[in-house]
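Written out below as structure tokens is the structure these notes cover.
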Amino acid sequence: MASDKSDKEDRDDSAKTRLLIAENIRRVEEMLRFLPLHADTVSDLRAKIGLLRTILLEQRAPALALVGRRGAGKSSLVNALFGAKVAEVGHVKAQTGRGKWFEHRSERGSISVLDTRGVQEGSSPAESDAAKDAVASIVVELKKKVPDVILFLVKASEADSAIDADLVALERVYAEIEREHRFRPPLVAIATHCDVLEPKGTRLHKASEESPEEIEEKLARVSEVEHHLEAKIKERPKLAPHLVWTRGISTYISFRKDDTVRADERWRIDELVGTLFKHLPDAGRGTLVRIARVRGLQEDLANNLTRATAAICAGVAALPIPVADVIPITMLQVTLIAGIAWLSGRPLDRKAAAEFLGAMGANVGVGFAFREGARALIKFVFPGAGSMVSGAVAFAGTLAIGAAARNYFLRGSSIEDAKKTFDDTKTSPDTSAENEKRTRDWDIN
Ligand SMILES: Nc1nc2c(ncn2[C@@H]2O[C@H](COP(=O)(O)OP(=O)(O)O)[C@@H](O)[C@H]2O)c(=O)[nH]1
Ligand SMILES: [Mg+2]
């Protein structure tokens, strides 16, 4: 019961935090109306505010349609993304979510999956009633919600046999989405079970411990399968333009009876997550990186969030406002801390930000509220500020907060290291073109 109560408190806290963040973002947006800046700069800042809003307040489950036969590894792929057992694997009887959008959940977020198995059986001339039903139900589901990305899965050992029926099914899925939504999602083609290609015992996920010749042989087989799969898809004009990625992977994780992980033999899942990330709208990206915990992507998103927040803070500081009025700026900085903690997998609430600020030496009370934290942060980020905070100082201070929070929450640095990062970044922020580029490699969707 006690835990029910604290669960509820956490949810309330999270809801309150969201409200506060939304309110402050609105307030900052208002302030920008009075900015004596060029219209282009103002609209750029509005886009950045949009990014904050999307990442922090408008996240949803990424929607993935999985096309592939029974046994291709669709459920295993879902588990591989989570790094945990959320979907039943290999049981014919486990028909969870058959032909329906299904939310696979964890504490860190959900992924919405449409498992289209059975659809290829409906592509044959002698289709059974069951197969027709499968197709009909998938058509209904595709009307309800449009997938962000379509994943086509085939077993590596079966990629050169009869995949034509699967590809016809895939075309059918595209035709339905196109008709209903006038949208053609990106297509990701995957050869699963690459770990069992010859030489079978050679471990792709531990390549550095294996003999280089055997790894080379295995990789050559993987690449042969990929070429074949890609060529097959490229033959079809209705699919070819949408193909964005073709790779062999392994999703294999062995779970004990209590669902804990016995062996993790996943291979190239980070790359797959990177591809999904690239093709998802921003509203699904935060959720994906929380779930899949790919550090590089969490950091990219954290850096983007940091840079956007820093630019907004600098914009607000360009207004002739006295120090007492920099609360919206420091509120944004507290929000940034909370946001980066959230990207690491923690809930979006005040706890993580309070822990961080307290440890950094900003004096925030037990009954920490965002506003109170913001006040404490003024002294911390802008010590000895005169009567005004300049745009440049607000910018550097925000970059420093973001870098320290990233090191603490995402890299697991000690608070001492985070403090050092804060001091170093504040005096010489990394505004190098290289750092800029790193996170611009993917567009804001
Ligand atoms: N070795 C290996 N086994 C896999 C891989 N992906 C799936 N499997 C196994 O293949 C079987 C079918 O996988 P499942 O995910 O249930 O396929 P689905 O029917 O498409 O959902 C299960 O026994 C999985 O453990 C993989 O990449 N490597
Ligand atoms: Mg399955």
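The values are calculated or read from the model by the stated rules, or taken from the named source; none is laboratory data. Values in this document were obtained by computation on a predicted structure and should not be read as measured data. Methodologically, a virtual Cβ is constructed for each residue, glycine included, from the backbone with ideal geometry; neighbour enumeration extends over all protein chains shown. For the accessible areas, the whole protein counts, side chains as well, though only heavy atoms, and no ligand, DNA or RNA atoms are used. Shrake-Rupley method; radii C 1.70, N 1.55, O 1.52, S 1.80 Å.
Surface composition of the chain: carbon plus sulfur atoms hold 51% of the accessible area, using a 1.4 angstrom probe and ignoring ligands, DNA and RNA. Based on the Kirkwood approach, the hydrodynamic radius assigned to segment 63-279 is 17.8 Å, with every pair of different Cα atoms included. Rounded to the nearest 500, the helix-only mean residue ellipticity at 222 nm of the chain stands at -17500 deg cm²/dmol, with each DSSP H run of n ≥ 4 adding -39,500 (n - 2.57). Using a Förster radius of 41 Å, what is the FRET efficiency between GLU29 and LYS143 based on their Cβ-Cβ separation? Nearest 0.05, please. According to the calculation, E is roughly 0.70. Any of LYS132/LYS278; LYS100/LYS200; LYS100/LYS257; LYS278/LYS379 with alpha carbons more than 30 Å apart? Name them for me. Pairs exceeding the cut-off: LYS132/LYS278; LYS100/LYS200; LYS278/LYS379. With both residues required to sit in segment 63-279, DSSP beta bridges show an antiparallel share near 35%. Using alpha carbons only, how many degrees (0 to 90, rounded to 10) separate the axis of helix 327-343 from the longest principal axis of the chain? Long axis of 327-343 versus the principal axis of the chain: about 30 degrees. Between ARG70 and GLU209, full extension at 0.36 nm per residue minus the direct alpha carbon distance yields a gain of 46.7 nm. Angle of helix 39-57 to the longest C-alpha principal axis of the chain, folded into 0 to 90 degrees and rounded to 10: 60°. Residue-wise HN-Hα couplings along segment 244-249, as the Karplus relation 6.51 cos²θ - 1.76 cosθ + 1.60 with θ = phi - 60° gives them from phi, are 10, 6, 10, 8, x, 9 Hz; Gly and Pro carry x.
Show log10 I(q)/I(0) for the chain at q = 0.11 Å⁻¹, two decimals, from a solvent-free Debye sum over equal Cα scatterers. Computed log10 I(q)/I(0) values: -0.92.
Sorting the segments 194-200, 270-276 by their residues' average number of neighbouring beta-carbon atoms within 10 angstrom, most packed first, yields 270-276, 194-200.
Summary of packing: across the peptides 254-260, 142-148, 167-173, 336-342, the per-residue average of other C-beta atoms within 10 Å ranks them, highest first, as 336-342, 167-173, 142-148, 254-260. Only beta bridges with both residues in the chain are counted; by DSSP, about 35 percent of them are antiparallel. Highest average first, the peptides 6-12, 370-376 ordered by how many other beta carbon atoms sit within 10 Å of their residues are 370-376, 6-12. Per residue, the chain exposes an accessible area of 46 Å² to a 1.4 Å probe, with every protein chain left in place. Note on segment 119-204: Rg/Rh from Cα positions, Kirkwood definition for Rh, rounded to two decimals, is 1.06.
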